[in-house]
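**Q** Just passing along the structure, written as structure tokens.
Throughout, read-outs are computed from the coordinates displayed, never taken from laboratory work. The structure presented is a predicted model; accordingly, all values stated were derived computationally and were not measured. Cβ atoms come from the backbone with ideal geometry, glycine included; neighbour counts cover every protein chain shown.
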Amino acid sequence: MLELIVISTLNGVLFGMLLFLMASGLTVIFSMLGVLNFAHASFYMLGAFFGFQLSRWFGFWPALLVAPLLAGGLGAAVERFGLRQVHKNGHVAELLFTFGLAFVIEELVQIIWGKSPVDFRIPSVLDFPAFTIFSTNYPAYKMFMLLVSIAIFVGLLLVLKKSRVGLIVQAALTHPHMVGHLGHNVGRIFMLVFGVGTALAAVAGVIAGPALVTQSNMAALLGPILFVVVVVGGLGSLPGAFIGSLLIGLVQTFAVSMNGSLEGAFGPLSPTYAQSWLADIWSVTIAQIAPIMPYMLLVLILIFRPMGLLGTRET
């Protein structure tokens with residue numbers, strides 16, 4: 001039991017930090033531009049495929065540096081030549097633009113790399129067990145993923161809170177006109193923030209690609225959970241995105257590892273109507289409903305705290 005708790009906690013924190021890498025960029029973009037980027041998870045997928053292709057040509061470590069820069073550059077171009085042009089038509093036009101962009105990126109990925117999973121492998125230098133917990137070997141690559149996620153979180157926090165660039169960005173979030181009057185190019189700030197946000201998603205894709213399955217539908221699999229994270233944490237709140245990411249990661253990871261059910265809990269004491277009318281539901285295990293638990297949490301948050309855990313605006 002103790003082994004299950006420790007391993008599930010490690011995996012839950014790791015999954016949560018990966019979610020935060022993507023949710024942080026999405027949260028900052030929403031705070032500044034006021035639009036939820038439906039194509040954000042697509043840049044996570046692009047990061048994974050760029051990382052795969054570059055690792056075949058130059059190795060994993062150059063790919064880890066170059067792939068996020070490429071995805072971030074594409075993100076900046078999307079803001080400059082796409083979102084900025086449709087902004088005058090309102091938020092609905094922006095949402096439709098990013099929604100369509102997600103389909104375009106997915107189709108392009110399928111044309112270039114196909115629909116089947118690609119062979120994105122863990123670098124050999126990290127392909128060994130980092131330590132052993134009880135009888136379980138914990139991979140060194142997973143620890144690398146966790147350390148990279150934590151380092152980026154700390155770096156992002158320091159940049160936003162302590163640096164002059166961070167102060168300008170935070171000011172542009174709430175008072176863009178004042179920042180413009182002080183001589184700063186607000187449009188360029190928006191473009192750079194959008195690019196950095198998509199680059200963070202791409203970093204998550206590069207480091208998660210070898211450990212998870214790199215395929216053309218990975219954005220669709222993770223995208224909905226990403227929006228659950230930002231709504232649960234609070235739209236526009238970076239600390240809320242961090243808490244929401246860890247919460248979702250731990251909830252889903254622990255749920256997957258639990259085989260309990262109502263039938264097992266009540267045993268022979270199960271009521272007759274449960275064994276007949278509700279037989280299917282009564283025997284469903286927690287692990288079987290794990291994929292929908294983040295959405296159940298989302299429903300509860302929207303009922304009891306529509307702003308999210310640390311949100312400052314209505315959802």
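**Q** If you take the beta carbon distance between A151 and S257 as r and set R0 to 22 Å, what does 1/(1 + (r/R0)^6) give as a FRET efficiency, to the nearest 0.05?
**A** Once the sixth-power term is evaluated, E becomes 0.20.
**Q** Hey, another quick one. Taking neighbour counts of Cβ atoms within 10 Å as a proxy for exposure, in what order, fewest first, do T132, T9, T198 appear?
**A** Listed from fewest to most nearby Cβ atoms, that is T132, T9, T198.
**Q** Rounded to the nearest 500, what is the 222 nm mean residue ellipticity of the chain from helices alone, with -39500 (n - 2.57) per DSSP H run of 4+ residues and division by all residues?
**A** -22500 deg cm²/dmol
**Q** Another question, then. Could you calculate the contour length gain from M293 to W61, that is, 0.36 nm times the residue separation minus the distance between their Cα atoms, to one decimal place in nm?
**A** 80.0 nm
**Q** Between N217 and N185, what FRET efficiency follows from the Cβ-Cβ distance if R0 is 51 Å, with the result rounded to 0.05?
**A** 0.85
**Q** I want to verify a result. In a Gaussian network model of the chain, Cα cutoff 10 Å, which of these has the top mean-square fluctuation: A204, A287, A76?
**A** Comparing A204, A287, A76 in a Gaussian network model of the chain, the most mobile one is A287.
**Q** Extension gain T285-F81, at 0.36 nm per residue separation less the Cα-Cα distance, in nm?
**A** Using 0.36 nm per residue and subtracting the Cα-Cα distance, I get 68.6 nm.
**Q** At a 10 angstrom cut-off on C-beta neighbours, averaged per residue, how do the peptides 118-131, 213-226 rank from highest to lowest?
**A** 213-226, 118-131
**Q** Regarding the chain, what are the three Cα extents along the principal axes, ordered largest first, in Å?
**A** Taking max minus min along each principal axis of the Cα atoms, the chain gives 74, 48, 40 Å.
**Q** Counting other beta carbons within 10 Å of each residue's own, what order do K161, K142, K88 fall into, fewest first?
**A** K88, K161, K142
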